[in-house]
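Student: Sharing a structure with you now.
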Amino acid sequence: MNVEIKKKGVKVGVLLSGGVDSAVALYLLLEEGYDVTAYHMKTVRDELYITKQIKHKVCCSPSDTFDAQMIAKKFGVPFKIVHVEDIFKERIIDYFINENLIGRTPNPCFFCNDYIKFGAVMDVALSDGMEYVASGHYARIVDGKLYKAVDESKDQSYFLASIKKEKLRRIILPNGYYTKDEIRKIAQQQDIHVAQKIDSQDLCFLPDNDLKGFFRDLGIDVKPGNIITTDGRIIGKHEGLPFYTIGQRKLGIAAGSKLYVRAKNVDGNFILVAPVDELYDKHMVVSNLNVYDDYLPNEFRASVKIRKKFKEVGCTVQYKDEDGGKLFVTFDEPTFAVTPGQIAVFYDGQRVICAGVIESGK
């Protein structure tokens, strides 16, 4: 059967954020003959953006809603706003708070993709009769497997690796085959008004990027504590454990030498700092796995990324089902700032094998 005939009239719900990427994704789907409906999600109340100063571009703001409506109107597609404020608070904001309070560094955007965008919003679209859900993310889905984007500099497979594999066959990612420059050029050619709009950079529920104010507004008492070196010296005070992460150089004190956050101790409410050469680990443990292969062998080779902007590192992985489905990872080279709570994504070349939450490094 001709592929183009299969696409014609097929109902697709596109996650329309109001940015250039999702706008062009919508256009590309229309060009391929799909019957498109736009879905725009609201993760927090609009009042937040009125009471807080927006210091960096974030998604889901009132201006994004306006832009999304303009894009849908331009292309003549139905437009639906999906309110997910309650489930977003429960699954993302509360997770973010709890992880910070137990001394870990959360990654809310990672889980938002599975729980919210390709969770709650996808459920609405499918219940409306959509056969697929699409977005402007830079990644590829090939034969039900998740792959990196053609433009690896913009690749978002790291953040999409939370999506359960059974959902992938219902997801379309048109932008994964284009570079960012090509996407902006298409937007300009089609006279899309957000062609030069900057990308979202920070958390939608922290538009002012003020984490201290966030906890203060919630009435959460974050206590200061000691900053301690690995040889046991107290060299200053920290402002609260949530405001620091492993590998952080800026401590807010004059340490006299370059020291980095090595660990956070919740019970003692102290931060352990060390010279940079003590921030490298050879091993890590990863749990809460999301696996794309049919099964994981007891031992396998992969490359792994432990932060979005970190380079991939070769590794040998041991999978132990009896430990609750954990991965015991040995890096090919010592790796900087292995951070509990952050996400590890494992690749076989371009293909995502699995992902999970970092439990510890050593």
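Student: Name the pairs: first residue in the range 72-89 and at negative phi and modelled with pLDDT of 95 or more, second residue surrounded by 15 or more Cβ atoms within 10 Å (Cβ to Cβ) and among the aromatic types (Phe, Trp, Tyr), Cβ to Cβ under 7 Å, at least 6 apart or on different chains?
Tutor: Ala72/Phe79; Phe75/Tyr27; Lys80/Tyr39; Val82/Tyr39
Student: Name the residue that is nearest to the chain's Cα centre (by Cα), counting only residues in the range 135-158 that are of a type in the set (A, V, I, L, M, F, W, C) and buried (at least 22 other Cβ atoms within 10 Å of the Cβ).
Tutor: So in the range 135-158, the residues of a type in the set (A, V, I, L, M, F, W, C) come out as 139, 141-142, 146, 149-150.
Filter again for buried (at least 22 other Cβ atoms within 10 Å of the Cβ), leaving 139, 146, 149.
Details: Ala139: 13, Leu146: 15, Ala149: 15 Å.
Per the criteria, the residue is Ala139.
Student: Report, ordered by the first and then the second residue, all pairs with beta carbons closer than 6 Å, sequence separation of six or more or different chains, a first member in the range 107-119 that is closer than 17 Å to Ile172 by Cα, and a second member that is among the aliphatic types (A, V, I, L, M) and part of a helix (DSSP H, G or I).
Tutor: Cβ pairs passing all conditions: Asn113/Leu160.
Student: Name, by its number, the condition in (1) free of Cβ contacts under 8 Å to residues at least 24 places away in the same chain; (2) of a type in the set (A, V, I, L, M, F, W, C); (3) farther than 22 Å from Leu279 by Cβ that does not hold for Ala302.
Tutor: (1)
Student: Moving to a separate point now. Please determine whether any residue of the range 218-225 is crowded, with 21+ Cβ neighbours inside 10 Å and among the hydrophobic types (A, V, I, L, M, F, W, C). Break it down stepwise before answering.
Tutor: Let us first name the residues in the range 218-225 that are crowded, with 21+ Cβ neighbours inside 10 Å, namely none.
No, the conditions are met nowhere in the range 218-225.
Student: Of the residues that sit in the range 336-362 and are open to solvent by 10 Å² or more (accessible area, probe 1.4 Å) and farther than 20 Å from Leu296 by Cβ, which one is modelled with the lowest pLDDT?
Tutor: Lys362
Student: Could you check how many residues of the range 48-58 are at pLDDT below 75 and out of contact with any Leu (no Cβ under 8 Å at 6 or more places or on another chain)?
Tutor: Here is the first cut: in the range 48-58, the ones at pLDDT below 75 are 52-58.
Keeping just the survivors that are out of contact with any Leu (no Cβ under 8 Å at 6 or more places or on another chain) gives 52-57.
Residues flagged as at pLDDT below 75 and out of contact with any Leu (no Cβ under 8 Å at 6 or more places or on another chain) within the range 48-58 amount to 6.
One line per residue, one yes/no per condition, for (1) more than 30 Å from Arg216 (Cα to Cα); (2) of a type in the set (Lys, Arg); (3) touching a residue at least 60 places away in the same chain (Cβ under 8 Å):
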position	(1), (2), (3)
Leu241	no, no, yes
Ala254	no, no, no
Leu272	no, no, no
Asp277	yes, no, no
Val291	yes, no, yes
Asp294	yes, no, no
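Student: I need the full set of residues from the range 192-235 which are on the phi > 0 side of the Ramachandran plot and free of Cβ contacts under 8 Å to residues at least 24 places away in the same chain, in order please. Full working, then the answer.
Tutor: Here is the first cut: in the range 192-235, the residues on the phi > 0 side of the Ramachandran plot are 209, 219, 232.
If the condition is that a residue be on the phi > 0 side of the Ramachandran plot and free of Cβ contacts under 8 Å to residues at least 24 places away in the same chain, then Gly219, Gly232 are the ones that fit.
Student: Would you check which residues across the range 66-106 are of a type outside the set (Asp, Glu), assigned to a helix (DSSP H, G or I) and more than 30 Å from Val266 (Cβ to Cβ) and list them?
Tutor: In the first step, residues of the range 66-106 are kept if they are of a type outside the set (Asp, Glu); the result is 66, 68-84, 87-89, 91-93, 95-98, 100-106.
Those left that are additionally assigned to a helix (DSSP H, G or I): 66, 68-75, 87-89, 91-93, 95-98, 100-101.
Correct list: Phe66, Ala68, Gln69, Met70, Ile71, Ala72, Lys73, Lys74, Phe75.
Student: Name the single residue that is farthest from Lys212 (Cα to Cα) among those in the range 90-103 being more than 15 Å from the chain's Cα centre (by Cα) and either in contact (Cβ under 8 Å) with a residue 24 or more places away in the chain or open to solvent by 50 Å² or more (accessible area, probe 1.4 Å) (or both).
Tutor: Filtering the range 90-103 down to residues more than 15 Å from the chain's Cα centre (by Cα) leaves 90, 94, 97-103.
Imposing the further condition that a residue be either in contact (Cβ under 8 Å) with a residue 24 or more places away in the chain or open to solvent by 50 Å² or more (accessible area, probe 1.4 Å) (or both) reduces the set to 90, 97-103.
Details: Glu90: 20, Ile97: 12, Asn98: 15, Glu99: 15, Asn100: 12, Leu101: 13, Ile102: 16, Gly103: 15 Å.
Only one residue fits best here, namely Glu90.
Student: For Tyr295, are the conditions met, namely being among the hydroxyl-bearing types (Ser, Thr, Tyr), out of contact with any His (no Cβ under 7 Å at 6 or more places or on another chain) and within 24 Å of Phe110 (Cα to Cα)? Show your work before the answer.
Tutor: Values: among the hydroxyl-bearing types (Ser, Thr, Tyr): yes; out of contact with any His (no Cβ under 7 Å at 6 or more places or on another chain): yes; within 24 Å of Phe110 (Cα to Cα): yes.
Against the criterion (among the hydroxyl-bearing types (Ser, Thr, Tyr), out of contact with any His (no Cβ under 7 Å at 6 or more places or on another chain) and within 24 Å of Phe110 (Cα to Cα)), Tyr295 qualifies.
Student: So, one more: Just to check your reading of the model, which residue among Asp191, Asp114 is closer than 22 Å to Ala38 by Cα, at pLDDT 95 or above and open to solvent by 40 Å² or more (accessible area, probe 1.4 Å)? Please lay out each step first, then the result.
Tutor: Values: Asp114 fails: open to solvent by 40 Å² or more (accessible area, probe 1.4 Å).
Matching residue, one of Asp191, Asp114: Asp191.
Student: Restricting attention to the range 336-362, which residues are touching an Asp or Glu at 6+ places or on another chain (Cβ under 8 Å) and either closer than 22 Å to Gln156 by Cβ or not in a strand (DSSP E or B) (or both)?
Tutor: Val338, Pro340, Gly341, Tyr347, Ile353, Cys354, Lys362 - these are the residues of the range 336-362 that are touching an Asp or Glu at 6+ places or on another chain (Cβ under 8 Å) and either closer than 22 Å to Gln156 by Cβ or not in a strand (DSSP E or B) (or both).
The values are calculated or read from the model by the stated rules, or taken from the named source; none is laboratory data. This is a predicted model, so every value here is computed, not measured. Backbone-built Cβ (ideal geometry, glycine too); neighbour counts: all protein chains shown. Each accessible area value is taken on the protein alone, full model and side chains, heavy atoms only, with ligands, DNA and RNA left out. Shrake-Rupley method; radii C 1.70, N 1.55, O 1.52, S 1.80 Å.
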